[in-house]
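Here's the structure we're looking at; comments come further down.
The values are calculated or read from the model by the stated rules, or taken from the named source; none is laboratory data. The shown structure was predicted, so the numbers you read here are calculated from the model rather than taken from an experiment. Ideal geometry is used to build each Cβ from the backbone, glycine not excepted, and the neighbour counts take in all protein chains shown.
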Amino acid sequence: MKRLLVLTLFISLGGCNNNIGDLNDFIARQANKPVKPIDPLPQLKPHEVFEYNANAARDPFSNDLELEAAEDQETMVVAEGGEGPDLTRRKEFLESYPLDSLLMVGTYQQDEDYWALVTDPDGTVHRVAKGHFIGHNHGEVVSIFENEIQLKEWINDGLGAWRERSAAMALKEE
């Protein structure tokens, strides 16, 4: 064991040679080369000064545009004869998904009422009854059959009026 240690020590010390002549030659060659001039710094363009006048413009940190849009939307529904979805209603969980991402996977009957089983994109199964809301377009469940859910959706035409349309979800066939 001692011999192996001594042999390893001699081999490693044998590589420690102070012959750095080639390094000194390289440094001398580099020092003799002419120095390239440094490019001048680019000219900075002065920025345009903007003075914010609070009296002439809206506060950039307020959310008054969202409030105005919500108020305008509510007044538009009233202006069209009161037809449209209830925008003050608290949204249900399945309204956070588009209708085409939800799947009807089954139904069951309890007393006289049908309940539908709907899966969301995460694979969670939800129980849906008549009067529940699903989908992005304020879709209200109108009726549930063994193989279909019928919905009433409200679509905003972009001009402030709401249009009602029918939609349906069919039972997923395996």
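Hey, can you tell me all the residues within region 102-129 that are modelled with pLDDT of 90 or more, out of contact with any helix residue (DSSP H, G or I) (no Cβ under 8 Å at 6 or more places or on another chain), in a loop (DSSP other than H, G, I, E, B) and under 18 Å from SER143 (Cβ atoms)?
Result: ALA129, single match.
Only one residue in LEU94, LEU67, LEU87 is of a type outside the set (Gly, Ala, Ser), assigned to a helix (DSSP H, G or I) and at pLDDT 85 or above. Which one?
LEU94
Pairs needed: first member in region 106-132, in contact (Cβ under 8 Å) with a residue 60 or more places away in the chain and of a type in the set (Ser, Thr, Tyr); second member anywhere, surrounded by 11 or more Cβ atoms within 10 Å (Cβ to Cβ) and assigned to a strand (DSSP E or B); C-beta distance under 7 Å; at least 6 residues apart or different chains.
Sorted first by the residue in region 106-132, then by its partner, the pairs are THR107/TYR114; THR107/TRP115; THR107/ALA116; THR107/LEU117; THR107/ILE144.
Checking the condition surrounded by 16 or more Cβ atoms within 10 Å (Cβ to Cβ) and under 17 Å from LYS172 (Cα atoms), which residue from VAL105, VAL128 passes?
VAL128
Do we have ASP22 as acidic (Asp, Glu), modelled with pLDDT of 85 or more and either at positive phi or not in a loop (DSSP other than H, G, I, E, B) (or both) here?
yes
Enumerate the pairs (first residue in region 155-170 and within 14 Å of ASN137 (Cβ to Cβ) and exposed (fewer than 11 other Cβ atoms within 10 Å of the Cβ); second residue anywhere and of a type in the set (Phe, Trp, Tyr) and modelled with pLDDT of 90 or more) with beta-carbon separation below 8 Å, excluding pairs fewer than 6 apart on the same chain, so at least 6 apart or on different chains.
Cβ pairs passing all conditions: none.
Residue by residue through region 108-125, note down the ones that are within 12 Å of MET169 (Cβ to Cβ), out of contact with any His (no Cβ under 6 Å at 6 or more places or on another chain) and not small (Gly, Ala, Ser).
Passing the criteria: LEU117, THR119.
Give region 130-153 a look and list any residue that's part of a loop (DSSP other than H, G, I, E, B) and on the phi < 0 side of the Ramachandran plot, or say none.
Of everything in region 130-153, those that are part of a loop (DSSP other than H, G, I, E, B) and on the phi < 0 side of the Ramachandran plot turn out to be LYS130, HIS132, HIS136, ASN137, GLU146, ASN147.
Please work out which residue is nearest to the chain's Cα centre (by Cα), limiting yourself to region 109-124 and to residues that are farther than 16 Å from LYS152 by Cβ and surrounded by 12 or more Cβ atoms within 10 Å (Cβ to Cβ).
This residue is ASP120.
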